[in-house]
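Here the structure comes first, spelled out in structure tokens, and everything after it is commentary.
The values are calculated or read from the model by the stated rules, or taken from the named source; none is laboratory data. Note that the coordinates shown come from a computational prediction; the quantities given were computed from them, not determined experimentally. So basically every Cβ, Gly included, is an ideal-geometry build from the backbone, and we count neighbours across all protein chains shown.
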Amino acid sequence: MVEARVDGRSMSEIHLVHIYCDESCHLLADRQKAMVLGGVWCPAGKVAEHHRMIAQLKAKHGMPPFFEMKWNSTSPYKLALYTEVIEYFFNALALGFRAWVVPDKAILQHREFGQTHDEWYYKMYFYLLRNMIDPSRRHRVFIDLKDTRGRMKLRKLHEVLSAANYDFSRDIIADMQHVHSHDVGLMQLADLLIGAVSYHTRGLAGNAAKECLVKLIKDRTGLSLSRNTLPSAKKFNLCVWKPDSKELEHV
């Protein structure tokens, strides 16, 4: 059977969504108390276009295509580029973002719940991704590679997400893999958005460029960045995790 095609693309390509995930301050030993996991989603057919546009914005601001945008490197020199990239995100119809915010890691009681911090961390990733998975579509999930220890847990996360969606044939979640963020423009966009949410959550101040980007996101979303959005929010979705709280119903 020949698969139907639209604009030169197969139906499977049209229904495929990429999700690019990263995190901020996820280690228990981090001095910062807050942790933020987040992901940018994009229809697969639009990925190349968005990567090309991000590369063009880098060139416009005097940066080489392989320059890696990172929240931690935000400075007055890079503010114009980062501002334009975030504006591009909000103006693009085929891009969305979700963040899972843990305001205070100090409240965690892993021993009481019989888990390690790594096991809890991947539970949080499950909750982040659960609301980004549309059972009517196929998904490829890319997570920024931090070290080699996460490969086994990544397979386990794939198994758990697939089981939660009764996706035993992997029709909904085609695959999950680690990638290097310096190779992927949309992963770098995720880093900027996650960094801004984390900066606000941690109550930081003193970096004028970062404060400008946080304000930009607040202005474009109309959000305080301190409270949950509606679960159905697609463009910019936030869940502030509070254990043993009714707010977990949002997940």
Among the residues of segment 125-137, which ones are touching a residue at least 60 places away in the same chain (Cβ under 8 Å) and surrounded by fewer than 19 Cβ atoms within 10 Å (Cβ to Cβ)?
Tyr127, Arg130, Asn131, Asp134, Ser136, Arg137
Give me the residue from segment 183-217 that is touching a strand residue (DSSP E or B) at 6+ places or on another chain (Cβ under 7 Å) and of a type outside the set (A, V, I, L, M) and, out of that set, farthest from Ala55 (Cα to Cα).
Thr201
Could we say that Val197 is assigned to a helix (DSSP H, G or I), more than 15 Å from the chain's Cα centre (by Cα), modelled with pLDDT of 95 or more and within 28 Å of Met69 (Cα to Cα) here?
no
Going through segment 69-112 in order, the residues found to be at pLDDT 95 or above, surrounded by 17 or more Cβ atoms within 10 Å (Cβ to Cβ) and part of a loop (DSSP other than H, G, I, E, B) are Met69, Thr74, Leu95
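Return the only residue of Ser162, Ser198 being in contact (Cβ under 8 Å) with a residue 12 or more places away in the chain and hydroxyl-bearing (Ser, Thr, Tyr).
Details: Ser162 fails: in contact (Cβ under 8 Å) with a residue 12 or more places away in the chain.
That would be Ser198, the only listed residue that is in contact (Cβ under 8 Å) with a residue 12 or more places away in the chain and hydroxyl-bearing (Ser, Thr, Tyr).
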Looking at (1) surrounded by 12 or more Cβ atoms within 10 Å (Cβ to Cβ); (2) hydrophobic (A, V, I, L, M, F, W, C); (3) at pLDDT below 90, which one does Ala163 not meet, given that it meets all the others?
(1)
With respect to His182, is the statement that it is loosely packed, with under 15 Cβ neighbours inside 10 Å, part of a helix (DSSP H, G or I) and under 18 Å from the mean Cα position of the chain (by Cα) true?
yes
